[in-house]
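Worksheet: the structure to be examined is printed underneath.
Values quoted throughout were computed directly from the atomic coordinates according to the rules given, and no laboratory measurement underlies them. Bear in mind that the values here come from a model prediction, so they are computed numbers and not experimental data. Glycine also receives a Cβ, built like all others from the backbone with ideal geometry; neighbour counts cover every protein chain displayed.
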Amino acid sequence: MVKKLSPSWVRIAVLSMAAFFALTLAVNDYVQFRQLSERGTDVWYSASWLRAPVTNFMLLGHESRELLKTNAVGSEQWHVREVRYGSTTFWTTLSRDAVTGK
C-alpha cells in the first residue's frame with residue numbers, strides 16, 4: 001500500500017524549491033553585478049526585478065536620470081535610465097516606441 005504525502009509536506013517541498021531557486025537567482029545576479037560594476041564602462045541591465053533583483057536593489061539609491069534616445073537606424077525611440085555606480089554607467093530600457101514616418 002502506498003502512503004500519500006500530507007498537503008503540508010507537499011507545501012513545504014514546493015516552498016523549499018522556490019526558496020532555493022530565488023536564492024540561486026539572487027547569488028547569480030550579485031556575482032554578475034560585481035563583475036559589471038568593476039568594468040568601468042557602460043553596461044546594460046534588466047529593469048525587471050524578477051530578472052535582476054540584486055542589480056536593481058544596488059542601484060536603487062543612486063542618482064539616475066531618464067533620457068529619450070533614438071536607436072542607430074532611427075526606427076525606435078527608447079526611454080532609458082542611466083545610473084552611475086562608481087566608474088560604471090548602468091543603462092536600462094524602460095520602454096521602446098516605433099518612430100512613425102514623416
Give the residues of the range 1-45 that are within 20 Å of Glu82 (Cβ to Cβ) and of a type in the set (Phe, Trp, Tyr), sorted by residue number. Phe33, Trp44, Tyr45
Filtered residues of the range 21-55 (kept if in a helix (DSSP H, G or I) and either among the hydrophobic types (A, V, I, L, M, F, W, C) or within 23 Å of Asp97 (Cβ to Cβ) (or both)): Phe21, Ala22, Leu23, Leu25, Ala26, Val27, Val31, Phe33, Leu36, Val54
Breaking point among (1) polar (S, T, N, Q); (2) part of a loop (DSSP other than H, G, I, E, B); (3) exposed (fewer than 11 other Cβ atoms within 10 Å of the Cβ), for Ser16: (2)
Give all pairs with beta carbons closer than 7 Å in which a residue from the range 63-77 that is in a loop (DSSP other than H, G, I, E, B) meets a residue that is surrounded by fewer than 10 Cβ atoms within 10 Å (Cβ to Cβ); count only pairs at least 6 apart in sequence or on separate chains. Ser75/Ala98
If I filter the range 81-92 for residues that are over 23 Å from Leu36 (Cα atoms), part of a strand (DSSP E or B) and under 21 Å from the mean Cα position of the chain (by Cα), do I get at least one hit? no
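I'm trying to understand the selection: among the residues of the range 7-26, which are of a type in the set (A, V, I, L, M) and under 26 Å from Thr55 (Cβ atoms)?
Leu15, Met17, Ala18, Ala19, Ala22, Leu23, Leu25, Ala26
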I want to confirm something. Restricting to the range 78-102 and keeping residues that are touching a residue at least 12 places away in the same chain (Cβ under 8 Å) and among the charged types (D, E, K, R), which single residue is surrounded by the fewest Cβ atoms within 10 Å (Cβ to Cβ)? Asp97
Going residue by residue through the range 36-45, is there one that turns out to be without any contact (Cβ under 8 Å) to a residue 40 or more places away in the chain and more than 11 Å from the chain's Cα centre (by Cα)? no
